[in-house]
Each structure stands twice: as structure tokens, then as C-alpha cells.
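Worksheet for the structure shown next.
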Amino acid sequence: MSLAKLFFSNIKDKLYFMNRKRTDFSPLVSRTPIKSLVGITYEAYVNHKSGNNLLSLISTSTSISENSKELNYRIQFLFDTKTNLESSKKEIEETFELCFKVIQEDNGYDIDSDIEIYITPLISLVGEAHFSSDENERIITKLEENMRDKIDRIIKQEINFPVIIENIVLWYKAHYEYLKYLSVGFKFYELSYLKQIHRNRVIDFESLKSSSPIYFIHFVNVFKTAFASISINYRLKYREYYLNMALQQIIVAKNAGYFSSFGLMLEDYYKEKLVNKKFLNILYKYLTGYGEKPWRLFSLFMCVNFLFALIFCSMPCDFASPAGVPSLHELCWLERFATFVTFNNTTMLTIGYGDIYPAKIGAKALVMALQIIGFAISSSAIALFLRKMLRF
């Protein structure tokens, strides 16, 4: 992609999210400054905390780098001593720069610790300090670059592939929360990066489907979240790949017996597959729950039954009965309605008792339509029920 295209794509992503404002703001990590420490210098804070506590254990540990030790102190310093973070933006940015150094020098594969100990508290401080949207985007962009580099280093290590996927999933779940918290748009190249990971390790992913299917499902969930977060123009570019991944997820979940969120997976798939057929999508969703709620067809069956019963009640002369069966004219309206409900039920289920039959062309046409509708509904319900029952 040319620099011009890259520039304009970033502008589009920015415009896509620029109207998203945070309401009822609350920090990611709650904090209560210590009154006796408010306003003291960093050096004084370090001396104060050099007693027998967690920070002192960190400072004396030989397994933790000097930058990591300082970063822990810096974060705790901001949490304990600052009441107005808006005046401490420079310190927060400097602490973030130190965080980036720690991430760069770390050759481990425990992204969860980085997220919990360093990144989430710092992102929380950025939100509290009310950085501008440009400043938020600059911080997030640099954080994304550093985390992609770290993921690349993890991938190159000879470790269990599910562990690699677990770290990727942990990062992107946290990443998405950071974007929402700071009202920053998801970059399309993050989706491209996830696609690249999948393509580069296709064999490993195929093995993952059978050995650790839950990791594959989580990875696709991350991909789907990223896809839903980018602007519509970029979705078109990744649409076919998205549908392929979503369908693979459905198949893996079915084979592994993960049905707790099976309906949501189907909805994600068909919502995009039928994006240009919204009416069909609505019918499929609300009438069958994308095949997961076939009992909804019973409601449709009864609604059609009652509707035709009302129509038939208004035209009793078009129906006849064999000798010995009371004529429809002799029945009150309620009895006539109940009779036609029974007649419709037997007709829709292709049974038919012969106690009533259409005698005129109008009634015959309506009964033919009712037979076709009833057969379609009942056969669909049976097929969906059997699919749901026998999926194991």
C-alpha cells in the first residue's frame, strides 16, 4: 500500500470513531491517593517505599531488570501521589516510554503479566489525565507496534502453539478494551496482522482445531471483533476471509461440542453472509434463531392456522361436509372457528379426515396454498429439530 493510501485510510478510521465519546467515565483501575504522600517527589517516594513491602522485594529481585523495577515504582508513584493527573501528563508519557523499553527487552512469553502489571494501569492513568484524542491515538499506536513486535518474538520461540494463541487472544481482548476506553478507532492493519498470523501458521491452526479447539474459537472471536470494529469500506476487503474463518469456527465448535455460544456464531456468520439480504436475514433470525430455535416455527405454524381459520370462517358456503356431519351453517361462530382450526391443522400436516372439504374454486385455491405453507413449516421444523438433536 502506498503512503498516500495509508494516510487516507488512517484518516477514514479516525473519522469513523471521532464521534464516539465516553459517558459516565470511570477508570480501568480505581485508585485512592495516599494523603501523606501527595505532592512528594519520586525520589522521596522511593525512599519511603524502601521498607518491607512488595516494591522493596521487586527492587531487590535479581530476576527483574532495572527498567522493570523502575517502571513498577513509577506506576505506583503516580497512583499514590497524584490527585490531579491532568498536570502530570508528561510524567505519564515518560512512564509509558519506559514501559515500551521493558516490553522491547522482555524475551518471555507472558503477555498477561505485561497487561495486568504495566499496560492496564498506565492506560487507566491516560484516561484519567484526559489526554487529547491525538495524544491517545499516538500512545495506542506506539503500544500496538511494541506488542506486535513482542508477539512476533513469541511466535519465533519454540513453544507450544496454544500458548502462542493464548497470548495473542489475551492481548487483543485487552487491546479492544483500551480502544473503547480511550475512544480510539481500531486500525485496519491490525486485522491484516491477524490474517497474516493465520496464513503463516496454517498447518498449526489446522492441528489446533482438533488438539485445542477452544483456542481456535477464541482466536476467531478476536478476528471477528476486529472485523466488526473497522469501517465498512475495509470490511469489504476482508469479507470473504471473515466468512471463511466464521464458518470454520462453527464447524470446529460443532465437532468439539461447544454449543453454549453456537447460536451467536451462526448469527455472526449469517449476518455478514446475508448483509445484502436483510429481509431474509430477519426471517432466518427471528423465525428459527439461525436454526438453533426451531420451536419458534410452532408459533408461525399456529399463526398461519388461525389466520386461515379466520378467512375460512368468513366463507362457510365454500366448504361442504359429508352426509351425517353437521353443516357449518348450523354452528355458531366460535364452533365454526374451532372446526376450521382443526381442519387447518390436519391440512397443514397433510393428514386430512374428510369431515370438511373445499367445494368451490376459491376455497380450493386457499387450501392448496395452506398445504404448501404447512408442509414447508412442518418439514423445516422437523429437519431443524433433528439437526439439533443429532449434531453429536
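Overview of values
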{"read-out": "Residue among LEU331, LEU280 that alone is hydrophobic (A, V, I, L, M, F, W, C) and not assigned by TED's automatic domain parsing to the domain that holds LEU349", "value": "LEU280"}
{"read-out": "Per-region count, segment 146-202, residues over 22 Å from SER212 (Cβ atoms), touching an Asp or Glu at 6+ places or on another chain (Cβ under 9 Å) and among the aliphatic types (A, V, I, L, M)", "value": "3"}
{"read-out": "Residues that are without any contact (Cβ under 8 Å) to a residue 60 or more places away in the chain and either surrounded by fewer than 21 Cβ atoms within 10 Å (Cβ to Cβ) or of a type in the set (Phe, Trp, Tyr) (or both), drawn from segment 116-128", "value": "GLU116, ILE117, TYR118"}
{"read-out": "Test: residue in segment 312-320 that is in the same structural domain as SER260 (by TED's automatic domain parsing), surrounded by fewer than 16 Cβ atoms within 10 Å (Cβ to Cβ) and either of a type in the set (Gly, Ala, Ser) or under 30 Å from PHE259 (Cα atoms) (or both)", "value": "no"}
{"read-out": "Residues (aliphatic (A, V, I, L, M) and in contact with a helix residue (DSSP H, G or I) (Cβ under 9 Å, 6 or more places away or on another chain)) located in segment 142-174", "value": "LEU143, MET147, ILE151, ILE154, ILE155, VAL163, ILE164, ILE165, ILE168, VAL169, LEU170, ALA174"}
{"read-out": "Residues being surrounded by 17 or more Cβ atoms within 10 Å (Cβ to Cβ), under 19 Å from LYS285 (Cα atoms) and of a type in the set (Phe, Trp, Tyr) - total across segment 219-267", "value": "1"}
{"read-out": "Top-ranked residue in segment 330-355 [being closer than 13 Å to CYS313 by Cα and of a type in the set (Val, Ile, Thr); ranked as surrounded by the fewest Cβ atoms within 10 Å (Cβ to Cβ)]", "value": "THR342"}
{"read-out": "Total residues in segment 350-382, condition touching a Pro at 6+ places or on another chain (Cβ under 8 Å) and closer than 24 Å to SER299 by Cα", "value": "4"}
{"read-out": "Subset of segment 95-109 that is of a type in the set (D, E, K, R) and touching a residue at least 12 places away in the same chain (Cβ under 8 Å) - its residue that is nearest to LEU28 (Cα to Cα)", "value": "LYS101"}
{"read-out": "In segment 325-350, the residues that are at negative phi and in contact (Cβ under 8 Å) with a residue 24 or more places away in the chain", "value": "VAL325, LEU328, PHE337, PHE340, VAL341, PHE343, ASN344, ASN345, THR347, MET348, LEU349"}
{"read-out": "Which listed residue, of LYS360, LYS293, is in contact (Cβ under 8 Å) with a residue 24 or more places away in the chain, surrounded by fewer than 17 Cβ atoms within 10 Å (Cβ to Cβ) and in contact with a helix residue (DSSP H, G or I) (Cβ under 6 Å, 6 or more places away or on another chain)", "value": "LYS360"}
{"read-out": "Test: residue in segment 268-275 that is surrounded by 15 or more Cβ atoms within 10 Å (Cβ to Cβ), in a helix (DSSP H, G or I), among the aromatic types (Phe, Trp, Tyr) and within 12 Å of the chain's Cα centre (by Cα)", "value": "yes"}
{"read-out": "Residues that are in a helix (DSSP H, G or I), within 45 Å of the chain's Cα centre (by Cα) and hydrophobic (A, V, I, L, M, F, W, C), drawn from segment 313-366", "value": "VAL341, MET348, LEU366"}
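The rows are residues; the columns are (1) at pLDDT below 90; (2) closer than 19 Å to LEU125 by Cα; (3) of a type outside the set (Val, Ile, Thr); (4) not assigned by TED's automatic domain parsing to the domain that holds LEU122.
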site: GLY39; (1), (2), (3), (4): yes, yes, yes, no
site: GLU43; (1), (2), (3), (4): yes, no, yes, no
site: LEU55; (1), (2), (3), (4): yes, no, yes, no
site: THR62; (1), (2), (3), (4): yes, no, no, no
site: GLN76; (1), (2), (3), (4): no, yes, yes, no
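The values are calculated or read from the model by the stated rules, or taken from the named source; none is laboratory data. Only a predicted model underlies this, so the values are computations on that prediction, with no experimental measurement involved. Cβ: placed from backbone, ideal geometry, glycine included. Neighbour counts: every protein chain shown.
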